[in-house]
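Only one structure is covered here, and it is reproduced in the block below.
The values are calculated or read from the model by the stated rules, or taken from the named source; none is laboratory data. This is a predicted model, so every value here is computed, not measured. Here Cβ is always computed from backbone atoms with ideal geometry, including for glycine, and neighbour counts include all displayed protein chains. Accessible surface areas use protein heavy atoms only, side chains included; no ligands, DNA or RNA. Shrake-Rupley method; radii C 1.70, N 1.55, O 1.52, S 1.80 Å.
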Amino acid sequence: MDLSLVPRPAGSCSIGKNFAFEAGHRLPGLPPQHKCSRQHGHSYEVEVVLTAPSLEGPGFVTDFGALAPFKRFLDSELDHRNLHEVLPFEPTSERLAQFLAGWFIQNLQSTIPGHLVAVLVRETGSSWARFDVEGP
């Protein structure tokens, strides 16, 4: 079979990269009897999803190595911290996903060819929140 005859359909490609950090928090806006109102911690997993209408270089949406500044930010500002002490909002997974999307767009988006589509924050293996970025 001549593999060069296999068509490449129109569309876009997306990539995802996972990052991890450890942090504690509490949600004081909850009733005192709610377990999340008390100090507790998570092994957070954060996934960024990027897309591009065409591929760059050897065939990348974005070189995964170009996402290293995001990992450095997580490590320097959030890892092994009390999130309710360092973030300017009550640190739910939903708000954290939105905040991380904002940081990514402000600090990294203009330096890479792909466009951020979503940020997913996972507190546990069975629960997550996803923030979907609107527009290009």
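So if I restrict to the alpha-carbon atoms in the range 66-136, what is the Rg, and what is Dmax, the biggest pairwise distance, in Å?
Looking at the range 66-136, its Cα Rg and Dmax stand at 12.4, 34 Å.
Which Cα, out of Thr62, Phe21, Leu50, lies furthest along the positive dipole direction of the chain (beta carbon charges, K/R +1, D/E -1)?
Phe21
Roughly speaking, to the nearest percent, how much of the range 27-136's 1.4 Å accessible area is carbon and sulfur?
Its accessible area is 53 percent carbon and sulfur atoms.
Can you give the helix-only mean residue ellipticity at 222 nm for the chain, where every DSSP H stretch with n ≥ 4 adds -39500 (n - 2.57) and the sum goes over all residues, rounded to the nearest 500 deg cm²/dmol?
Rounded to the nearest 500, it is -5000 deg cm²/dmol.
Can you give the percent of C-alpha pairs in the chain whose distance is more than 28 Å?
27
Taking 0.36 nm per residue of separation and subtracting the Cα-Cα distance, what length does fully extending Gln106 through Ser43 add?
Between Gln106 and Ser43, full extension yields 20.2 nm more.
Given Pro31, Gln106, Leu5, which one lies farthest toward the positive end of the charge dipole of the chain, if we put +1 on the Cβ of every Lys and Arg and -1 on the Cβ of every Asp and Glu?
Value computed over the given set: Pro31.
Rolling a 1.4 Å sphere over the protein heavy atoms, what is the accessible area per residue of the chain, to the nearest Å²?
61
Suppose every K and R has +1 on its Cβ and every D and E has -1 on its Cβ; what is the size of the dipole of the range 84-136 about the Cα centre, in Debye to the nearest 20?
In total the dipole reaches around 140 debye.
At 4 °C and a viscosity of 1.567 mPa s, what translational diffusion coefficient does Stokes-Einstein give for the range 1-41, taking Rh as the Kirkwood radius over Cα pairs? Give it in µm²/s as a whole number.
The calculation lands on 84 µm²/s.
So what are the three principal axis dimensions of the range 30-108 from its Cα atoms, in whole Å, longest to shortest?
Taking the Cα atoms of the range 30-108, the three principal extents are 54, 23, 21 Å.
Once you have the alpha carbon radius of gyration of the range 1-71, what is it after dividing by 2.2 N^0.38 Å, with N set to its residue count?
1.86
Cα centroid distance between the range 94-114 and the range 71-91, in Å?
Each part's Cα centre sits 15 Å from the other's.
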